[in-house]
Amino acid sequence: MGFNKRYINKERVILKYKEGLESLVQYISMSDCLIIEDEFSEQVVDIVMNDDGYIASDKIEKMIQG
């Protein structure tokens, strides 16, 4: 069994979100350690971990658009 760490930054968040919210949620939640590289990513991780699917999707979409 390995130790899964993820480096999270805005570019990776946007790429995973374009694959779908479920892909982003799995990318964030299926790791042992998150190394968050910027404030945008920190906010997205907080949303993914604390909000329901539709609410999270809406908030993240608004952040990405501007």
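The values are calculated or read from the model by the stated rules, or taken from the named source; none is laboratory data. It should be emphasised that the depicted structure is a prediction, and the values quoted were computed from it without experimental measurement. Heads up, the Cβs are rebuilt from the backbone with ideal geometry, glycines too, and the neighbour counts pull from every protein chain shown.
Residue pairs whose Cβ atoms lie under 6 Å apart, sitting 6 or more positions apart in sequence or on different chains, and linking a residue in segment 2-29 that is more than 16 Å from Phe40 (Cβ to Cβ) to a partner that is among the basic types (Lys, Arg) and surrounded by 14 or more Cβ atoms within 10 Å (Cβ to Cβ), are Ser23/Lys16. For segment 5-20, a residue qualifies if it is more than 15 Å from Lys59 (Cα to Cα) and either out of contact with any Ser or Thr (no Cβ under 7 Å at 6 or more places or on another chain) or at pLDDT below 90 (or both), and the qualifying residues are Tyr7, Glu11, Arg12, Leu15, Glu19. Determine whether segment 21-37 contains at least one residue that is in a helix (DSSP H, G or I), at pLDDT 95 or above and among the polar types (S, T, N, Q). No, that holds for no residue.
Scanning segment 48-66 for residues that are surrounded by fewer than 17 Cβ atoms within 10 Å (Cβ to Cβ) and either touching a residue at least 24 places away in the same chain (Cβ under 8 Å) or assigned to a helix (DSSP H, G or I) (or both) yields a total of 12.
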